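Heads up, the thing below is written out as structure tokens.
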């Protein structure tokens, strides 16, 4: 009897896991459907952003994760972010000097882990950044 209960629990767990995998593959891990940038950045002239940070982030699984982080960082006054989920990096530019803790908290509050945050990142180190 105990064996039958354990087998039933394992089968239910496997079914739930399989359903979750199918949902993530077909709809992305964050939500279904394509997300859009709610706050489009009007000023994309890099010379207007004298401050720069490179953030290494763990936990992103898809482009929707990256867009979710971008949208959150873009809500900070004077900040423009570009996030690459495949590389796990965020290129953050600022018109004003923003406290590192504010940037870190904004991302970690979404459930992601900030591995490192470097101020004044260099373009030659991270060539993936869209200029």
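With respect to the conditions (1) at pLDDT 90 or above; (2) surrounded by fewer than 16 Cβ atoms within 10 Å (Cβ to Cβ), residue 60 lacks only one, and its number is (2). When residue 9 is tested against (1) farther than 26 Å from residue 104 by Cβ; (2) at pLDDT below 80, exactly one condition is not met: (2).
The values are calculated or read from the model by the stated rules, or taken from the named source; none is laboratory data. What you see is a predicted model, and the numbers here were worked out from it, not measured in a lab. Positions of Cβ are backbone-derived with ideal geometry, glycine not excepted, and every protein chain shown enters the neighbour counts.
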